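Trainee: This is the structure I want to talk about, given as structure tokens.
The values are calculated or read from the model by the stated rules, or taken from the named source; none is laboratory data. From a predicted model like this one, the values you see are computed outputs, not experimental measurements. Backbone-built Cβ (ideal geometry, glycine too); neighbour counts: all protein chains shown. Areas reflect the complete protein model, heavy atoms only, side chains present, ligands, DNA and RNA absent. Shrake-Rupley method; radii C 1.70, N 1.55, O 1.52, S 1.80 Å.
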Amino acid sequence: MTDSFLDSSKRLYGRRKGRPLRKRKTELLDGLLPSLEIPVPQPGDRIDPHALFSKPMRDVWLEVGFGSGHHMAWQAANNRDVGVIGAEPFINGVAGLLKLVDDEGVQDNVRVLPDDARPLLDALPDASIGRAFVLFADPWPKKRHWERRFIGPDNLPRLARVLKDGAELRLASDDMGLVRWMLEHTVRHPDFEWTARGPSDWRHRIADWPPTRYEEKAIEAGRKPVFMRFIRKARG
């Protein structure tokens, strides 16, 4: 879960750094991150996601706001022929992911943008991403902050553009206000179709959707997460 957001004015809200990092994580930021880092794209830049990896990848997936990295690292470890790229502006989260990447030995198929996802989305080619994840994003519960929510009118077109036909967009939250917001905006978007056919489809994760630490804490606190899967419709 990330608590940062870049709004339409290009302002990044939320923290960029939390508690002081332990020695190993600091060393990984200095030693490992440079080999995995995606430079922040500038306006007009174009990035071939497959070219980010040193060996051919069957597909490339994107996680927006990967938090401490548990979900992203799991996907990389269980899909070694898929390149997994993630954007996260919170440096403590980036350090957490690097530790998991180092522990799992998945340096070959992980790439990281330690910043907001929007410049990366704008630089990716059309129909270049096979799956996208936005999991337990900051709900921004106050009405005056709703425009900061990542899933909404500004970013759904970005996601629709870069996702391949038939690609999945996976969303999750334990905040019912945000769940209703994401569902309303994504169902209304002409390029996405909700896959749910019954309550079990959004109450339970599917087999290749591992739990995150934030999700486990939410459940312990009595909150019930919702898991939503959308398909990018075929282009006309």
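Trainee: May I ask you to compute the full-extension gain from H204 to K142, defined as 0.36 nm times their residue separation minus their alpha-carbon distance, rounded to one decimal in nm? Please list the in-between numbers first.
Mentor: Details: separation 62, 0.36 × 62 = 22.32 nm, distance 2.75 nm.
So the chain would gain 19.6 nm between H204 and K142.
Trainee: Name the residues of the range 33-76 whose amide N is less than 19 Å from a point 7 angstrom out from the Cα of T195 along the C-beta direction?
Mentor: Within reach of a label on T195: 58-64, 71-76.
Trainee: A follow-up question, please. Structure shown: which of K55/K217; K143/K224; K99/K233; K25/K217 lie over 25 Å apart, alpha-carbon to alpha-carbon?
Mentor: Listed pairs above 25 Å: K55/K217; K99/K233.
Trainee: Now, a different point. Quick check on the range 127-222: take the gyration tensor over C-alpha atoms, sort the square-rooted eigenvalues as a ≥ b ≥ c, and tell me if it's rounded (a/c under 1.5), prolate or oblate.
Mentor: Numbers: a/c = 1.69, a/b = 1.16, b/c = 1.45.
It is oblate, given that a/c is not under 1.5 and a/b is not larger than b/c.
Trainee: Please compute the contact order of the chain in relative form: average sequence separation of alpha-carbon pairs under 8 Å and at least six residues apart, divided by the residue count, as a percent.
Mentor: On the way: 449 pairs, mean separation 48.2, N = 236.
It rounds to 20 percent for the chain.
Trainee: Pick out, from L178, G198, A167, the residue whose Cα sits farthest towards the positive end of the charge dipole of the range 156-236, with +1 on the Cβ of Lys and Arg and -1 on the Cβ of Asp and Glu.
Mentor: Highest projection toward the positive end goes to A167.
Trainee: Between R223 and R80, what is the label-to-label distance in nm when each label sits 7 Å out along the Cα-to-Cβ direction?
Mentor: Going from the R223 label point to the R80 one covers 3.6 nm.
Trainee: Rounded to a whole number, what % of the accessible area of the range 95-236 do carbon and sulfur atoms account for, probe 1.4 Å?
Mentor: Carbon and sulfur atoms account for 50 percent of the accessible area of the range 95-236.
Trainee: Of P157, P43, A218, which is farthest on the positive side of the dipole of the chain, counting Cα position, with +1 on Lys and Arg Cβ, -1 on Asp and Glu Cβ, and the Cα centre as origin?
Mentor: A218
Trainee: How big is the chain along each principal axis, measuring the range of its Cα positions in Å and listing the largest first?
Mentor: For the chain, the Cα spread along each principal axis is 45, 43, 39 Å.
Trainee: Taking 0.36 nm per intervening residue step and subtracting the Cα-Cα distance, what contour gain separates A127 from S35 on full extension?
Mentor: In short, 30.5 nm is gained.
Trainee: Shifting gears a bit: Please report the relative contact order for the range 75-140, taking Cα pairs under 8 Å with a sequence separation of at least 6, and give it as a percent rounded to a whole number.
Mentor: That works out to 36 percent.
Trainee: Right, another one. Place a +1 charge on the Cβ of each Lys and Arg in the chain and a -1 charge on the Cβ of each Asp and Glu, then give the dipole magnitude about the Cα centre in debye, rounded to the nearest 20.
Mentor: Dipole about the Cα centre, nearest 20: 640 debye.
Trainee: Given the -39500 (n - 2.57) contribution per DSSP H run of 4+ residues, what per-residue ellipticity at 222 nm results for the chain, rounded to the nearest 500 deg cm²/dmol?
Mentor: When only DSSP H runs of four or more count, the value is -8500 deg cm²/dmol.
Trainee: Decide, for the range 47-142, between rounded, prolate and oblate: order the square roots of the alpha carbon gyration tensor eigenvalues as a ≥ b ≥ c, take rounded if a/c falls under 1.5, and otherwise choose prolate if a/b is larger than b/c, else oblate.
Mentor: Oblate is the answer for the range 47-142, as a/c is 1.5 or above yet b/c matches or exceeds a/b.
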